[in-house]
Structures are given as C-alpha cells and as structure tokens.
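As structure tokens, the structure follows; a few thoughts come after it.
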Amino acid sequence: MVCHAGSGRTDCALESMKNRLKVLRAERDWSQQDLADALGVSRQSVNAIETGKYDPSLPLAFRIADVFDLAIEAIFLRD
Amino acid sequence: MAGWNSMAPYMRRYSIRILLFMASYVVILTASLSFARSGAAHGQATKIGLALITAFPVIGVFWAIFRLLVETDDEYQRFLFAKQTLFATAFTLVIVTVWQFLQVYDVVATGPQWMGVIWFAMLGLAGPIARWKA
C-alpha cells in the first residue's frame with residue numbers, strides 16, 4: 001500500500017508488489033505450468049501472481065522462495 | 001475422463017457432492033410431491049417433515065459450496081470462489097430488495113420467493129464475472 005499525506009488527509013492506493021517470477025522462470029526454462037506443479041497450485045494462480053494481479057500469502061511466498069532456492073526479497077520487490 | 005483426472009482433488013469432491021445432492025433433490029422432490037398429492041389428508045407434522053426433507057438436499061448444495069471454500073488449497077482459486085459467492089449474494093440481495101418494493105407498491109402480488117434458487121442462478125452468473133481477466 002502506498003500512502004501520500006496531503007491537505008489534511010492521507011490518500012492510500014493499493015498497489016501490487018513487483019516480482020521477478022517471469023525472469024526466474026525463464027532462467028530455468030520453466031513454463032508457468034512447471035512452476036504451478038512445483039507449488040501445487042493452478043497455472044492460472046501462477047499467472048495471476050506473475051502479472052501482479054494477486055499478491056501471494058506469506059506461506060505461498062515462502063514456498064515460491066523454496067522452489068527457486070532464493071530469499072523472498074530476491075523474488076518479491078517493495079515497489 | 002481426462003478432464004476428471006486432471007481436476008484438483010477439492011474440485012472432484014465438490015463435483016461428487018453437488019451431483020449427489022442434485023440427484024437426491026430430484027428423487028426426494030418427486031417422491032415427496034407424489035406423497036403429498038396422493039389425495040390422503042396429511043397432518044401438519046407430516047407436511048413440516050416433507051418440507052424439511054425436500055429442503056435437505058438444497059441445504060446440502062449450500063454446504064458443498066462452502067466446503068469448497070474451506071477445502072480449496074490453491075489460495076488464488078479460493079479468492080476467486082469467495083469473490084464469486086459474494087457477487088452471487090450481492091446480486092441476489094439486489095433482486096430480492098427490488099422485488100420486495102415491487103410488492104410494497106402493489107406492482108406484483110407476491111414478495112420474494114425461491115431465494116435459494118435465485119442465489120444458485122446468480123452463482124452461475126457470477127462465475128465468469130469473478131473470473132473475468134483473472
């Protein structure tokens with residue numbers, strides 16, 4: 001969530017996290033279905049996370065990090 | 001049955017439950033109506049019993065839908081199902097509210113009825129809306 005203070009009120013807009021899933025998949029030559037199978041979710045779910053339509057829960061983010069053998073912050077970026 | 005085998009286990013359980021409840025509904029409704037309209041006089045307790053027995057499979061469908069929300073282990077799919085049920089509930093409330101006021105102003109003779117059926121229809125309508133661009 002990004003908040004801007006101004007004229008006596010705070011405006012907050014929901015913004016999805018950026019992530020490096022597409023790049024990381026490409027480096028390993030994995031399809032969305034390959035990653036979905038590794039995570040035990042649907043391909044539609046991987047696509048939604050990858051394109052920023054859906055931010056995963058912390059447990060799923062940890063599972064994604066485990067699959068890529070990286071830290072969460074190496075996959076999901078602050079903005 | 002490639003589609004069935006590729007289906008997630010929670011969807012398979014959901015499909016089996018829905019099929020069982022819908023088949024039960026057809027059998028129970030047919031049998032109960034035949035019994036109720038057989039010409040014999042039935043007591044109030046019997047009529048209440050028939051109403052409860054007929055309602056049971058419909059309640060079962062509601063249970064199956066909400067079990068689906070609990071058992072879906074893919075969180076994005078669960079989010080989409082939850083969105084679909086909320087849309088269905090909102091659409092149903094809109095229809096029922098308008099219908100209620102149509103009755104208040106004597107445009108129609110009877111107020112909202114068969115709300116469960118309306119909700120199921122709205123659930124079907126809400127599916128593609130909830131999944132649009134998902």
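General observations
- The test for being among the aliphatic types (A, V, I, L, M) and open to solvent by less than 40 Å² (accessible area, probe 1.4 Å) does not hold for B:Ala40.
- Residues considered: B:Ala40, B:Ala90, B:Ala31. Of these, the only one that is part of a loop (DSSP other than H, G, I, E, B), free of Cβ contacts under 8 Å to residues at least 40 places away in the same chain and among the small types (Gly, Ala, Ser) is B:Ala40.
- Taken over the stretch A:37-49, the criterion of being surrounded by 15 or more Cβ atoms within 10 Å (Cβ to Cβ) and within 11 Å of another protein chain (Cβ to nearest Cβ) is satisfied by A:Leu39, A:Val41, A:Ser42, A:Gln44, A:Ser45, A:Val46, A:Asn47, A:Ala48, A:Ile49.
- From the list B:Ala126, B:Ala88, B:Ala82, the lone residue that is within 14 Å of chain A (Cβ to nearest Cβ) and open to solvent by less than 80 Å² (accessible area, probe 1.4 Å) is B:Ala82.
- Spans of helices (runs of 4 or more DSSP H) in chain A with at least 1 residues at pLDDT below 95 and in contact with a Gly (Cβ under 7 Å, 6 or more places away or on another chain): none
- Options B:Thr97, B:Thr110: the member that is open to solvent by 50 Å² or more (accessible area, probe 1.4 Å), in a helix (DSSP H, G or I) and β-branched (Val, Ile, Thr): B:Thr97
- Each residue in the stretch A:41-62 was checked for being within 8 Å of the chain's Cα centre (by Cα) and of a type in the set (Phe, Trp, Tyr), and 1 pass.
- Count of the stretch B:61-76 residues which are in contact (Cβ under 8 Å) with a residue 60 or more places away in the chain and within 11 Å of chain A (Cβ to nearest Cβ): 3
- The lone criterion from (1) among the aliphatic types (A, V, I, L, M); (2) in contact with a Leu (Cβ under 9 Å, 6 or more places away or on another chain); (3) crowded, with 16+ Cβ neighbours inside 10 Å left unmet by B:Leu68 is number (2).
The values are calculated or read from the model by the stated rules, or taken from the named source; none is laboratory data. Computed from a prediction, not measured in an experiment: that's the story for all the values here. Positions of Cβ are generated from backbone atoms using ideal geometry, with glycine treated the same way; all protein chains shown enter the neighbour counts. We work out accessible area using only protein heavy atoms, side chains counted, and drop any ligands, DNA or RNA first. Shrake-Rupley method; radii C 1.70, N 1.55, O 1.52, S 1.80 Å.
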